[in-house]
Structures are given as structure tokens and as C-alpha cells.
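Note sheet for the following structure.
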Amino acid sequence: MSKLSSFRFDNTFLTLPSCLYTKLKLSPVASPNIITFNQELSDSLGLNLDASSPCTAGILSGNACLPEGGYFSQAYAGHQFGHLTILGDGRAMTLGEHLTPEHQRVDIQFKGSGPTPYSRQGDGRAGLGPMLREYLISESMHALGIPTTRSLAVVSTGETIRRQQDLPGAILTRVATSHLRVGSFQFAALQDDSKVLSDLLDYTIQRHYPDRDLSLNPAITLLTAVMEQQIACVVEWMRVGFIHGVMNTDNVTISGETIDYGPCAFMDSYDPETVLSSIDTQGRYAFDQQPIVMQWNIAVFAQALLPLIDTCQDTAIAMAQAVIDQYPSIYQERWLNMMRKKIGVFNAHDDDGLLIDDLLQWMHKHQADFTNTFRYLCRPEVSSDPLLSSPSFKQWHQRWIARQVKDSRPIDDAIVLMDSVNPFVIPRNHYVERVLQAAYDQDMTPFYELESALKQPYQQASAISQWTVPPTDSERVRYTFCGT
């Protein structure tokens, strides 16, 4: 254990074939300063880090080397908007795999720490705004109960990075159960040595799914497990109106955690075709396309695994297809059960789908706010939204009341259920942009206030109600950017 900190590194990824990673040296920065630090996460990881200490700033900027650190970047491939590309950590460096007091293994990774062999003419650095954005939204996703990577800290570097305009540099410290992704397997499958792929399979199962039954077929077991985890994750995205924006296969984790918050956004008024990412010009990753794209990504994962499924390609394809064919029914069942909770019903009835679809169509037609509509569905009389007192909504609401009668439970039970899955506050795009602009103006107070409000998103409190107001037309964010 280092005298500088209580990181407990055990870097098992470095036992894999060396083509899957590159060892790196740290690239010190001019003047590191901690901008925001996640004390709760630090404590849960068992880290002895003092956010006010220059020593901690040195560790979390790469200016201080931890002797047990692995310091490496991963190689991987990825379908970016449908086109296969050889990639890798272009501006990320994994310090190592930390063992928590509960004996859980997590990756500690820098983002924006400097160039790597995978940078492709990039400088490997990151701007303050995009790193604060990932910190804020990833921690909000965690508070919402959605599988996600976490953020430990953002450190300013005291340097300027060159983009379309000069930006203050920053480094994010990201925590993940691992950074293995579909693209890792795509890269391994492209290697001449078949042992690379088989070693990666064995390692991944042992790290992420050690309790799965491997007696039938390990590759099929992993494919099924990842598909189920990703379905569960996407259903959660749909629950809160989250639009990832860049669902390339290199951003599909094997763990099922949400990763890469570059151009992501939350939906304001409900429109299933919502696209905010400036680079998604064809709407490939629109809100309603996310479940479909994830099935496509899982099919790409299956393709990479084919040599390990069976030596006969036709047999391997048939076995993989049998798994992928289950995706639509599994997703639909989980989505419908999630939506039942959003409207506060406990028992399944055949007409639930119609009731839900009619509500969504009404919301789309009237441009109703996604978050606030569901939050006030059970108490429209206290909402300030005139749509919830309109005759068209009241007509649907009467059907909802009749549906509640079928459950034979007190309405208070429905309210408790709905309040547990329909957040009061989310990181609305216009507020996120506002606090980031303030940060650029060297005022972090709005950022800290929004960060605090997002920590208990299901708790209704007047003190944070200012963050729940939808944008006016002039405030609406129409495009988001990846920030690379």
C-alpha cells in the first residue's frame, strides 16, 4: 500500500495478452487543483484521501506516481455509427484495479491525462466543462439508481487546451467495475492469435460473472449475461428520459454500466424521436431507437464471440441467433413492468399497454414535460402545469383511476410506488449548461448547488424546486457535444 494513499491495487488485466493494453508513463500537469471531490465515493472505496491536500491533487492529476499503480491504456475497436474502427483509450489511463474494503474490484481511471498510443493525433487532454459534465451526470445517474460508472474527482490542470476555442484543462477520475466493453472483444477477435480472444473470455467471466453456470457454453453464457445486463440498463434509461447520444459498441460495457457521458441529454417535452447529439445527424441514437440499437450492439458482440461458441460457424451463428432472438420479448416485458410502476400499478392486466401508450401519445401531442408529467400523474391538482388540468388529460386520468381500482390497493400505495421511480429532479440540460458556464467564469457555486440537489432525486423538497422547472423555448438546449 502506498504511503501517499490507501489505494490497494491488484492489476489482473495486465496478465492478459499485451496486445490488449499499453503501459504508460504519467504526464505531469502545470498546476493541479481539485475542483470537485466525491467524499462519499472515496469513503465507500476505503480511500484515505484529503481533498484539501496538495498530495491528493498530485495523485489525482498524475503528478504523483503510486508505486503499485499499473498505469495503462486499453486497446479496443468499435462500431461508431455503424462503421468499424480500431480505437483504444485515446485520452484515458487506468491507474489500476483497486480492491475495496468489501473486496470488490474496481478500475480507477484518469480521463484527460495526456496522449496515449491510441490518441490518433489528439493531445489526450480534456476540457473543464466536459469533465464536470460527466462528473455531474454520472453521479446523478447513480442517485437515480441506474447502473453507471462513477466520478471521484475533477482536477483542473492549470493548462489551456486547444479546441474550437481555448479551454481550461481538467482530469476526471472515473471509477468502474471494469472498462471492458464490446469493443474489447471486437479488437481481440481481429488478432491473429485466437488465444487472445479465449483468454479475454475466461478473464471476463471470472471478473464479472463468476457465479454463472458455464457447463453448457461459456461464450453463450457471457453473451446472455451481457444482453440481460444491457437490457436492464436501457430500460432504466427509458424510465428517466435519458438519451445516451453515442451508443457505439466501444461504449457498451460488459458490466452493464452506463459509460461515456459526452453528448448525453435528458428529454424535456416528450418526443420519442428526440436527438440532441450534434454528431447524430441521422437520428441513429434517438430516444426511441436506443433499445433497437442495443440489440444491434449485442449482435456485434455475438459476432466477435462466434469462434468461441462453436468450431462450426453455422452452428455458432445458430446458437448466437437463438440468444439474440430473445432480446425483443425480454426488453418488452421489462419495459412494460417498468412503465407499470411509473403509473403506479402493481398487478399486470392485458390492457395496461394500451393505457400506457395512450398516455405517451397524449404527452407527445401536447409536448408535455416527461419528468414532471409522471411525477404529478397521481396528484395533478398540485401541479402548476395547465396541461394536467385539461379535459384531454382528465379523460385519461379517469381511466387511470379505474385501473387503480383493479389493483384493490389504497391509492397511497400507488403514490409511494410512483414517487420511487419518477424523479422529482433530473440534470436538465439547460441547468447543466448554465452551471458549466458559471464554472468557466470561475464561479462553482451553481455547480455545487445543482450537484447537491441531484443527490436525492426522488425526494420532493421546495429547496430544490428551482431545478425542476422545464426550459422556456429560448432556454431549450437543442444540441449537445461530445467534448473531445
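A few remarks follow.
- Candidate set from the range 147-160 (those that are over 28 Å from residue 13 (Cβ atoms) and touching a residue at least 12 places away in the same chain (Cβ under 8 Å)); member that is surrounded by the most Cβ atoms within 10 Å (Cβ to Cβ): 156
- Residue in the range 338-345 that is under 23 Å from residue 417 (Cβ atoms) and surrounded by fewer than 14 Cβ atoms within 10 Å (Cβ to Cβ) present: no
- Residue match in the range 216-226 (condition: at pLDDT below 95, over 12 Å from the mean Cα position of the chain (by Cα), of a type in the set (A, V, I, L, M, F, W, C) and not in a helix (DSSP H, G or I)): yes
- Annotation note: of 62, 82, the sole residue that is buried (at least 22 other Cβ atoms within 10 Å of the Cβ) and among the small types (Gly, Ala, Ser) is 62.
- When residue 50 is tested against (1) in a loop (DSSP other than H, G, I, E, B); (2) acidic (Asp, Glu); (3) modelled with pLDDT of 95 or more, just one condition goes unmet, and that condition is (3).
- Exclusive hit being surrounded by fewer than 23 Cβ atoms within 10 Å (Cβ to Cβ) and in the same structural domain as residue 63 (by TED's automatic domain parsing), set 144, 172: 144
- Residue within the range 427-440 that is more than 24 Å from the chain's Cα centre (by Cα) and either exposed (fewer than 15 other Cβ atoms within 10 Å of the Cβ) or not basic (Lys, Arg) (or both) present: yes
- None of 399, 409, 478 is basic (Lys, Arg) and in a helix (DSSP H, G or I) except 399.
- Subset of the range 376-396 [farther than 21 Å from residue 288 by Cβ and in a helix (DSSP H, G or I)]: 380, 381, 382, 386, 387, 388, 389, 391, 392, 393, 394, 395
- Restricting 315, 311, 281 to residues that are under 30 Å from residue 193 (Cβ atoms) and assigned to a loop (DSSP other than H, G, I, E, B) narrows the list to 311.
The values are calculated or read from the model by the stated rules, or taken from the named source; none is laboratory data. In this text, all values refer to a predicted model and were calculated from it rather than measured experimentally. Backbone-built Cβ (ideal geometry, glycine too); neighbour counts: all protein chains shown.
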